[in-house]
1. What is the order of Asp152, Asp98, Asp127, fewest Cβ neighbours within 10 Å to most?
2. Sequence-distant or interchain residues sharing an amide H contact under 5 Å with Phe130, placed H: which?
3. Please find, in a Gaussian network model of the chain (springs between Cα atoms separated by less than 10 Å), the residue of Gly54, Gly179, Gly149 whose mean-square fluctuation is greatest.
4. Once amide H atoms are placed 1.01 Å from N in the peptide plane, what residues at a sequence separation of 5 or more from Gln90, or on another chain, have their amide H within under 5 Å of its amide H?
5. Counting only C-alpha contacts under 8 Å and six or more residues apart, can you give the relative contact order of the stretch 85-159 as a whole percent?
6. Determine which lysines satisfy two conditions relative to Lys91: a Cα distance under 29 Å, and not lying fewer than 8 residues away in the same chain.
7. Report, by chain and number, residues whose modeled amide H sits under 5 Å from the one on Phe153, excluding near sequence neighbours (fewer than 5 apart, same chain).
8. So for Glu94, Glu178, Glu120, fewest C-beta neighbours within 10 Å to most, what's the order?
Amino acid sequence: MKRILLAVAYDGTAYCGWQVQKNGETIEGVLNRELSGLFGGDIQVIGASRTDSGVHALGNVAVFDTGTQMPGEKISYALNSRLPEDIRIQKSLEVEGDFHPRKCACTKYYEYRILNREFELPGRRLDTYFYRRPLDIERMRAAGSFLLGEHDFKSFCSIHTQAETTVRRICALDVKREGDLIRIQVSGNGFLYNMVRIIAGTLIQVGSGIRNPEDMQSMLASCDRQSAGPTAPAKGLTLLGMEYEGGFFSSLPAAR
């Protein structure tokens, strides 16, 4: 048996998230089904990030075990020929048998996109959150700076989180504007349930003048979900990629 790593890109619009569920199609479910069909056995992938319904990815990571003789780097071609057009394997390779995408140290890179203009653009309706009110990215950037480093992010995660600890480290957080498109880019050693979307929702409030950048300090200190802003819609969030000791996995090399 050998362990194969897949770097998976997908448009999450039509899926009930990554993790297999009884109530609808998921990315994990599709991969399990098509890999089992490809290799003629029951194959279950292990994913690095269990993205929510509607969230997209350019480089989620998954592994599976197989006894196939097919070279690891060729599996991406064979699997892509079976997958729906909104899921594509960007890379496949053989890794050490004990490599586990959730247990091995890594840095995750996320981006939240906001379409900030008077009217919506139909072509961006699936991968951005439309927000009409003007946003001040300098205020948003200043607010984001308070989140850098290691903190207890209990205020910035869903009350339904099952994490043993809510302490996480944010390595970088930046807010950029490209015309009408605002990109909130954040990287860290791990993220809590809905954490990036709550950060985005809070920064939107800061950018629109509802809150002050300095309020982020009291939000962190309170460890109270109600003190932070709303959870921004899933469709604006994309997992850009993941960086392990052995490499960076994404379909967007400039994500880091």
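Values quoted throughout were computed directly from the atomic coordinates according to the rules given, and no laboratory measurement underlies them. Note that the coordinates shown come from a computational prediction; the quantities given were computed from them, not determined experimentally. So basically every Cβ, Gly included, is an ideal-geometry build from the backbone, and we count neighbours across all protein chains shown.
1. The order, fewest Cβ neighbours first, is Asp98, Asp152, Asp127.
2. Residues meeting the criterion, in which the H sits 1.01 Å from N, are Leu115.
3. Gly179
4. Residues meeting the criterion, in which the H sits 1.01 Å from N, are Ala7, Val8, Ala9.
5. Rounded, it is 20 percent for the stretch 85-159.
6. Partners found: Lys2, Lys22, Lys74, Lys103, Lys108, Lys176, Lys235.
7. Residues meeting the amide H criterion: Val167, Arg168.
8. With the sparsest Cβ surroundings first, the list reads Glu178, Glu120, Glu94.
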